[in-house]
Structure formats: structure tokens, C-alpha cells
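The values are calculated or read from the model by the stated rules, or taken from the named source; none is laboratory data. All values derive from a computational prediction rather than experimental measurement. Note: ideal-geometry Cβ built from the backbone for every residue, glycine included; neighbour counts use all protein chains shown. Surface areas here come from the heavy atoms of the whole protein model, side chains and all, with no ligands, DNA or RNA. Shrake-Rupley method; radii C 1.70, N 1.55, O 1.52, S 1.80 Å.
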Amino acid sequence: MGDIAVVGGGVIGLTCALRLAEAGHRVEVVADLAPGDTVSAVAGGLWFPYLAAPADAVLRWARVSLARFAELAALPGTGVWRREGVVLHRHADPDLSWTAVVPDCRPATAGELPPGVTSGVVCTLPVVDTAAYLAWLAESCAAAGVAVRRAHVTRLGDLPQPVVVVAAGLRSGALLGDPTLEPVRGQVVRLANPGLTRWVVDDDNPAGMTYVIPRGHDVVCGGTADRGATATGLDVEVERAVLDRAVALVPELRDAPVVSRAVGLRPSRPAVRLDRVRHSGRAVISCYGHGGAGVTLSWGCAADVVGLSGP
Ligand SMILES: Cc1cc2nc3c(=O)[nH]c(=O)nc-3n(C[C@H](O)[C@H](O)[C@H](O)COP(=O)(O)OP(=O)(O)OC[C@H]3O[C@@H](n4cnc5c(N)ncnc54)[C@H](O)[C@@H]3O)c2cc1C
């Protein structure tokens, strides 16, 4: 197996690097940010195929990840749990395509629905504490022999390896001349966990998309999805509105102190790019554009990257 460079050390780059190393390749991750400073670290961490296309491939990748996260939830120190929660619907015709790959879905009972919500789906999904999980991924990569170099890549032609995986999230387009990536800004606030385990997703909330994701010590409250917005600074008004919506949905959060806050730009693209082409005299495998579902799709996409990595 040959030498491969992976540009990107977020959830996509690290998962690809781990799987490639396990397949026998000599792998170097080149990333200009520490894992904790990536968009991946901002993710709420719920397995859910949000804002990613094409639908059929997304479901296939998500199914692979669902199985892998179930295994990881059984291991100590991964930052992954399996937790029951509810996806709320406020419209007559919700998109339920994702339920095809989730085994234990059931309709929510009336007692599980807040006022104004017409229906919901209750199921058990992976919940990932992304900071802890990225640390686990980085340790797993090191244990598998993956080298990591903290550096900015300006041109793929500068890399010595004959095969390069581009997993650079929103900035992948700059490396490959791809203008189709677009940021979708998201802001979250994390509260001390008062003892919650049940997550809630309320994307159709008329006051704004809302989710509450209890992890270990914190509860991620979101969210926003501002297409084209590039500001990475925190917006105090946005946070106030997010907290109001979260507390309205889950009153137990009313007095929970803020632990941390974050903003991230989701790498949105009309379709996830996962292919192999010749570029800059190298075999270049692209794996980017995962929108709001990079964690959700990571293991499935990494499997396809391994499939494209042969001679
Ligand atoms: C608020 C919010 C909530 C979210 N919630 C969820 C969720 O619950 N579930 C879910 O599945 N997804 C969620 N997401 C989406 C998820 O965070 C992204 O899809 C995912 O992080 C994309 O991962 P990535 O590895 O492609 O990119 P990133 O995490 O952005 O990593 C990119 C990497 O590339 C490196 N890089 C880029 N350019 C260069 C260069 N030129 N040279 C060297 N290195 C470079 C960076 O240093 C970094 O290491 C959420 C996102 C946001 C913003």
C-alpha cells in the first residue's frame, strides 16, 4: 500500500486517515488547525442527515456510520452515546426518508409532543461529544501509525505523496478550483447538563430551528442555519433567541449555566463530493461538502475513500 496525504484534520479527514491506515496505507494528515478549532468541534453531534445530498448516497453513508457509532458507544472514552430522543414535525408532510435506516423508530405519543406540534418520531440515535470524539479519533489515528503535520497547504502539487485525499471542509474548493461550496453559518450555546439524556430536534419551529442535545456534562442548544453568512464571531442576540427557544422546549434548562459557545460554517455543496481524479500530477480523492452532516456521514464516506485508494 502506498503513501497518502490527507489534507484536513476535522471529522472527515481523521476518519478517512484512520480507515486508510487500517487498510495498510502509510498516511500523513496535513492540517492547519488543531482538531478542537475545526467546524467539526462545533457540531452538536447528533447522527442526523441534515443539509447534505444526494439523498440515496447520504442514506447509504449514514447507515454505515450508524452501525459504527453503535459499536463506539459500547466502548469507553470515545465520547459517543446512544440516546433516545424525538424529532418533532409541525407540517403535514415531513421528510421521513432517514427513518429507513434507523431500526427502532416509532411515532411520538401525544404526551411526548409540545403544544403546536402535530407529530414526531421517537428513536435512539448516536450522540457525539465532538471535542472528546475528535480527541479519540486523533489518538486512534496515532495508534494506527498516522503522522500529523500542522501546516497550511496552498497547492496540492506541493505535497510529496502520489495520492492525496482532500478533506478540507469549506476550504476544499480553494485547493481544487471548485466554486460550488457555500458556508451555512451555525451558532450554538452549551449549557451545564442538569441531568438530561433525551435529545429534541424541532427544525420547523416557527421561532427558528431548535435542537437540544444532551451529551455528557453539557447540553448543546441550537441553532441557526444562515446560508452564505461568513461571520464567525458570536452574535449575542442570536444566542439569546436560541436559549429562549431551547428553554421553551425543555424547561429543565431554565437555570442551567452556560459552559461554552461556538460558531461554525457548515461546508454546504449541492452534493457531497466523493470521487477520484488526476490533479496536479497526483491521484486526488475528494471527500468534502458534508453540510450539516459531517459526523453523520463520516464512517460511510471514509469507507468509500478507502475503496478509491487502490492503485
Ligand atoms: C452549529 C453546527 C452544528 C452541527 N451539528 C452537526 C450534527 O449534529 N451532526 C452532524 O453530523 N454534523 C453537524 N454539523 C456539521 C459538521 O460540523 C460538518 O459537516 C463537519 O464538521 C465537516 O467536517 P470536515 O472535516 O469536512 O471539515 P472541518 O471540520 O471544517 O475540517 C477541515 C479541516 O481541513 C483543514 N484545512 C482546510 N484547508 C486547509 C489547507 N489549505 N491546508 C491545511 N489544512 C486545511 C482544517 O485545518 C481542518 O483540519 C454541524 C455544524 C455546525 C456549524
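Does segment 258-309 hold any residues that are more than 8 Å from the ligand (Cβ to nearest atom), charged (D, E, K, R) and either within 19 Å of Arg227 (Cβ to Cβ) or out of contact with any strand residue (DSSP E or B) (no Cβ under 8 Å at 6 or more places or on another chain) (or both), and which are they?
Answer for segment 258-309, where residues must be more than 8 Å from the ligand (Cβ to nearest atom), charged (D, E, K, R) and either within 19 Å of Arg227 (Cβ to Cβ) or out of contact with any strand residue (DSSP E or B) (no Cβ under 8 Å at 6 or more places or on another chain) (or both): Arg269, Arg273.
Select from segment 147-165 the residues that are within 20 Å of Glu22 (Cβ to Cβ), assigned to a strand (DSSP E or B) and in contact with a Gly (Cβ under 9 Å, 6 or more places away or on another chain) and list them in ascending order.
Within segment 147-165, Val148, Val163, Val165 meet the criteria.
Among the candidates Gly116, Gly177, Gly77, Gly145, which residue alone is surrounded by fewer than 17 Cβ atoms within 10 Å (Cβ to Cβ) and modelled with pLDDT under 95? Steps first, please.
Numbers: Gly177 fails: modelled with pLDDT under 95; Gly77 fails: modelled with pLDDT under 95; Gly145 fails: modelled with pLDDT under 95.
After ruling out the rest, the residue left standing is Gly116.
Residues in segment 25-57 that are within 11 Å of the ligand (Cβ to nearest atom), under 20 Å from Val305 (Cβ atoms) and open to solvent by less than 40 Å² (accessible area, probe 1.4 Å): how many?
10
Based on what the data block shows, is Thr210 among the hydroxyl-bearing types (Ser, Thr, Tyr) and surrounded by fewer than 19 Cβ atoms within 10 Å (Cβ to Cβ)?
Numbers: among the hydroxyl-bearing types (Ser, Thr, Tyr): yes; surrounded by fewer than 19 Cβ atoms within 10 Å (Cβ to Cβ): no.
No; evaluated as a whole, the condition is false for this residue.
Would you pick out the residues in segment 1-24 that are more than 7 Å from the ligand (Cβ to nearest atom), open to solvent by 10 Å² or more (accessible area, probe 1.4 Å), modelled with pLDDT of 95 or more and in contact with a Gly (Cβ under 7 Å, 6 or more places away or on another chain)?
Selection gives Ala21 alone.
Can you tell me how many residues within segment 180-199 are open to solvent by 20 Å² or more (accessible area, probe 1.4 Å), aliphatic (A, V, I, L, M) and in contact with a helix residue (DSSP H, G or I) (Cβ under 9 Å, 6 or more places away or on another chain)?
2
Which number in (1) part of a strand (DSSP E or B); (2) in contact with a helix residue (DSSP H, G or I) (Cβ under 6 Å, 6 or more places away or on another chain) marks the one condition that Ala283 misses?
(2)
Condition first: loosely packed, with under 14 Cβ neighbours inside 10 Å and farther than 23 Å from Ala131 by Cβ. Can you find one or more residues in segment 216-225 that meet it?
Here is the first cut: in segment 216-225, the residues loosely packed, with under 14 Cβ neighbours inside 10 Å are 216-217.
Imposing the further condition that a residue be farther than 23 Å from Ala131 by Cβ reduces the set to none.
Scanning segment 216-225, I find no residue that is loosely packed, with under 14 Cβ neighbours inside 10 Å and farther than 23 Å from Ala131 by Cβ, so the answer is no.
Step by step: first the residues of segment 292-308, then only those that are part of a loop (DSSP other than H, G, I, E, B) and open to solvent by 10 Å² or more (accessible area, probe 1.4 Å), then the one that is nearest to Pro162 (Cα to Cα). Which residue is that?
Keep residues of segment 292-308 that are part of a loop (DSSP other than H, G, I, E, B), which gives 292-293, 308.
Okay, now just the ones that are also open to solvent by 10 Å² or more (accessible area, probe 1.4 Å), so 292, 308.
Details: Gly292: 31, Leu308: 14 Å.
That would be Leu308.
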